[in-house]
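Reading through the structure tokens given below for one structure.
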Amino acid sequence: MKFKLKEIFYYIRAFAVWALMAAAVGAVCGVVGGAFAIVVEEATHLRQHVSWLPWLMPVAGLLIAGLYWLLKLPLSIGTDEIIKTVRTQEGVSIKMAPAIFISTALTHLTGGSAGREGAALQLGGSIGVAMSHLMPSQGDNHRMFQLCGMAALFSALFGTPLAATIFVIEIIDIGKVNHRALLPCLISALTAKLVAMAIGAPAEVFPLASGLVEANWLTLIQSACVGLCCGAVATAFCYLMHAAGRYMRKAIPNDFLRIAFGGATVALVTMALGLQDYQGSGMHTIVEALQGHAAPEAFLLKIVFTAMTLSVGFKGGEIVPSFFIGATLGCVVAPLLGFDPALGAGIGIIAMFCGVTNGALASMVLSVELFGAEYLPLFGIACAVSYALSGQVSLYHTQHFEEPKMGHRDAPAGDAHAA
């Protein structure tokens, strides 16, 4: 009995400490994330009303390269390094926070094809590690704080605390979920969402215009087919992103020349050909797809412009572009299957997100937080198919697969790869 009381006291104390610390991380990340969302939103509005701003994309690129040089950070640093340091518990420089904050705002201000939730993982991870120094360095404290920060920033920007929590504890080692981080990450994510809302951060809204569709054998097959298409395109997207980055670094080794050249190319092509819909995150195109309208070539053009933007050094992340790709792809493919195009767009968002990040559970939870639970069986089968067929590729090189997605356990697993 004496041992049991001691054990109970230990868990009560640990719960109280981690709940308070997680809430503190969530509060700080909620303020930073809310401010980040507001700045990016204002930058987007300014670009939409000042027609000549995209022509300054090469200048923005030079400013970004200069900022990373001044902070003594490699321009190539990104979410891969955050995932790696979660696993190794190495240090993460707090300098990443202002670097990714400012560079993402500049990317959106001048029309680079990028998101912002990918930047949230870097921003939140660096803040979480900085705050971990408030506690004694014991066990995996640094890792727990880093995961809390990542979940909190993701939630502050996107407003989906459950998906943010599952995402960060699932994507480090695919096939292995860090349940110890569940409580602190969820507290951080919920706190960050509430704080971000309180300071007026804009919320991401995905209005799905679709009537109720029952989950029967036909609609499940149709959803699985959308998931199959998303899995195939997700694989191609990941390969292209990695190949473009390697090619551009080899072709133009100098960071300043490479980002200026890339910015000039993106600005010239989008402005000369009237392709402004592919600048920034493209949220208005996602909304149109969820209303059942998308151009057949939209998903291909978004892939190309995102690769052109991020491969040369602009910042922001690939997650919202993957939403754009999935929404427009699903909207176009669904009618070919005799399926509702708006619902196809919604399924495409979730299945594409699953395919490029390998976060199957997080994707299913995300579908509920964005669209409600009534379509969960359809989203679930699409995610499962996309996850299985996207293979061991990922947007993140440093993701580790505990076991192969398909086949027997003795098949090779290893890290994510791309050609």
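The values are calculated or read from the model by the stated rules, or taken from the named source; none is laboratory data. Keep in mind that this is a model prediction, so the values were computed, not measured. In this analysis, Cβ positions are derived from the backbone assuming ideal geometry, glycine residues included, and neighbour counts consider all displayed protein chains. Heavy atoms of the whole protein, side chains included, go into the accessibility calculation; ligands, DNA and RNA do not. Shrake-Rupley method; radii C 1.70, N 1.55, O 1.52, S 1.80 Å.
What shape does the stretch 45-195 have by the C-alpha gyration tensor, where a ≥ b ≥ c are the square roots of the eigenvalues, rounded means a/c under 1.5, and otherwise prolate means a/b greater than b/c and oblate the rest? Intermediate values should be presented prior to the final figure.
Values: a/c = 2.39, a/b = 1.65, b/c = 1.45.
Prolate, since a/c reaches 1.5 and a/b exceeds b/c.
Straight-line reach from Lys95: taking Cα to Cα under 26 Å and skipping same-chain neighbours fewer than 8 places apart, the lysines in range are Lys72, Lys84, Lys193, Lys315. Remark on Phe401: its backbone amide H falls under 5 Å from those of Ile174, Gly414, Asp415, Ala416, a criterion applied only to residues 5 or more positions apart or on other chains, H modelled at 1.01 Å from N.
How much accessible area per residue does the stretch 159-306 have, in Å², with a 1.4 Å probe?
On the way: 6700 Å² over 148 residues.
Computed with neighbouring chains in place, this is 45 Å² per residue.
For an R0 of 56 angstrom, estimate the FRET efficiency from the Cβ-Cβ distance between Leu134 and Thr265 and round to the nearest 0.05.
Numbers: r = 45 Å, r/R0 = 0.80.
It comes out at approximately 0.80.
I'd like the chymotrypsin sites (Phe, Trp or Tyr not before Pro) in the stretch 1-99 restricted to DSSP loop residues with at most 13 other Cβ atoms within 10 Å, sorted by number.
Numbers: sites: Phe3, Phe9, Tyr10, Tyr11, Phe15, Trp18, Phe36, Trp52, Trp55, Tyr68, Trp69; in loops: Trp52.
Sites meeting the loop and neighbour criteria: Trp52.
Per DSSP H run of at least 4 residues, take -39500 (n - 2.57); add these up for the chain, divide by its residues and hand me the 222 nm value, nearest 500 deg cm²/dmol.
Details: 16 runs with 283 residues, N = 419.
Result for the chain: -23000 deg cm²/dmol, rounded to the nearest 500.
Between amide H atoms placed 1.01 Å from N, distances below 5 Å from Gly280 occur with Gly111, Gly112, Ser113, Ala114, all of them 5 or more places distant or on a separate chain. Here the stretch 246-377 has 67 percent of its accessible surface on carbon and sulfur atoms, given a 1.4 Å probe and all protein chains in place. Computed on the chain, the Cα convex hull volume stands at 150 Å³ per residue. Ligands, DNA and RNA left out, the 1.4 Å accessible surface of the stretch 59-210 is 67% carbon and sulfur atoms. Provide the gained length on full extension for the span Trp52 to Leu73, in nm with one decimal, where the gain is 0.36 nm per separating residue minus the Cα-Cα distance. Computed gain between Trp52 and Leu73 is 4.5 nm. Working note: Karplus 6.51/-1.76/1.60 with θ = phi - 60° gives the stretch 155-167 the couplings 5, 4, 7, 9, x, 10, x, 5, 5, 4, 5, 4, 4 Hz, where Gly and Pro are set to x.
Using the Cβ atoms and a cut-off under 11 Å, what net charge is assigned to the surroundings of Gly61, where Lys and Arg are +1 and Asp and Glu are -1? Around Gly61, the charge tally is +1.
Ala27 to Ala198: extension gain in nm, 0.36 nm per residue of separation minus the Cα-Cα distance? Residue separation times 0.36 nm, minus the Cα-Cα distance, leaves 60.5 nm. Using the heavy atoms of the protein chains and a 1.4 angstrom probe, tell me the accessible area per residue for the stretch 58-109 in square angstrom. I get 43 Å² per residue for the stretch 58-109.
Whole number please: convex hull volume per residue of the Cα set in the stretch 1-67, in Å³? Kindly include the intermediate steps, with their values, before the conclusion.
Working: hull volume 7.3 nm³, N = 67.
Enclosed volume per residue, from the Cα hull, is 109 Å³.
The simple spin-label model puts a point 7 Å past each Cα toward its Cβ; for His293 and Leu220 those points are separated by 3.5 nm.
Straight-distance candidates among the aspartates and glutamates for linking to Lys405, with alpha-carbon spacing under 17 Å and chain neighbours fewer than 8 residues away dropped: Glu170, Asp173, Asp415. Using the Cβ-Cβ distance between Leu336 and Ala209 with R0 set to 22 Å, the FRET efficiency from 1/(1 + (r/R0)^6) comes to roughly 0.70.
Segment Leu275..Asn254, full-extension length gain: 4.7 nm, with 0.36 nm per residue of separation and the alpha-carbon distance subtracted.
Per-residue 3J(HN,Hα) values for the stretch 120-126, derived from phi via the Karplus relation 6.51 cos²θ - 1.76 cosθ + 1.60 with θ = phi - 60°, read 4, 5, 6, 5, x, x, 5 Hz in sequence order (x marks Gly and Pro). Sparsely packed loop sites in the stretch 174-231 (the trypsin sites (Lys or Arg not before Pro) outside DSSP H, G, I, E and B with at most 13 other Cβ atoms within 10 Å) comprise Lys176. Working note: Karplus 6.51/-1.76/1.60 with θ = phi - 60° gives the stretch 227-241 the couplings x, 4, 4, 5, x, 5, 5, 4, 4, 5, 4, 5, 4, 5, 4 Hz, where Gly and Pro are set to x.
Assuming a ≥ b ≥ c are the square roots of the Cα gyration tensor eigenvalues, decide whether the stretch 125-264 counts as rounded (a/c under 1.5), prolate (otherwise, with a/b larger than b/c) or oblate. Since a/c reaches 1.5 but b/c is at least a/b, the shape of the stretch 125-264 is classed as oblate. What is the stretch 360-404 by shape, rounded, prolate or oblate, if you read a ≥ b ≥ c off the alpha carbon gyration tensor as root eigenvalues and call it rounded for a/c under 1.5, prolate for a/b larger than b/c, and oblate otherwise? Taking the square roots of the gyration eigenvalues as a ≥ b ≥ c, the stretch 360-404 is prolate.
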